[in-house]
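The values are calculated or read from the model by the stated rules, or taken from the named source; none is laboratory data. Bear in mind the structure is a predicted one, so any value in this text is a computation, not a measurement. All Cβ positions, even for glycine, are placed from backbone atoms using ideal geometry, and neighbour counts span all protein chains on display.
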């Protein structure tokens, strides 16, 4: 007799705990079934597990104004940038997140502390402290306000909470500049959070570098609780 799969809404709570002890509880619900709980993941399957999907969903719910970008799309953007290819020539890349075009001025911000950044980071990423004021972040990364070309900013951390905080701050900062005729400001950039952030990026075997710009597969596990979302053989607390 075939097993029936009873669809139902599953409510869950995710507590986000930073290293300074601050906690944020996020609640969400997803459609699940008996069958989902019994599924095992194919080791060759690069799609995110159920837990990672819940985290991505929770971040989007906690920060509804922050646009979410997939690791797959960022990977394509970086490839285009490395090949100095006009992104507008690729229709698939130009229709992401309801944007008509994707500019070639890509800025990637790593929103983790230095001890995590030195273990590994996405190539070309610039590190910022997520708890800094926006003015300090812009000061540390002058590229955010240089030139008049429209930019694309992608923020990431371990799983997305800290990077969503930064993305939200930058969005509010640039929105406050809109319509200010007293000064000439660069065009407001497109600001994204990288969904699943570095853990998802690392789990998918994408390119990462250490502080010496050497290729590495390891990532800082952040905390014992959140390290469960990073493949066990990829965890490393020191370079």
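State yes or no: is residue 119 in a loop (DSSP other than H, G, I, E, B) and either more than 17 Å from the chain's Cα centre (by Cα) or touching a residue at least 40 places away in the same chain (Cβ under 8 Å) (or both)?
Yes, satisfied.
Within region 63-100, work out how many residues are modelled with pLDDT under 50 and surrounded by 13 or more Cβ atoms within 10 Å (Cβ to Cβ).
Residues that pass the stated criteria total 8.
Based on what the data block shows, is residue 217 surrounded by 17 or more Cβ atoms within 10 Å (Cβ to Cβ), touching a helix residue (DSSP H, G or I) at 6+ places or on another chain (Cβ under 7 Å) and touching a residue at least 12 places away in the same chain (Cβ under 8 Å)?
For residue 217, the condition - surrounded by 17 or more Cβ atoms within 10 Å (Cβ to Cβ), touching a helix residue (DSSP H, G or I) at 6+ places or on another chain (Cβ under 7 Å) and touching a residue at least 12 places away in the same chain (Cβ under 8 Å) - is not met.
Show the residue pairs that are 6+ apart or on different chains and have beta-carbon atoms under 7 Å apart, the first residue being within region 126-152 and at pLDDT 95 or above, the second being part of a helix (DSSP H, G or I) and loosely packed, with under 13 Cβ neighbours inside 10 Å.
Here the result reads 127/114, each pair linking region 126-152 to a residue that is part of a helix (DSSP H, G or I) and loosely packed, with under 13 Cβ neighbours inside 10 Å.
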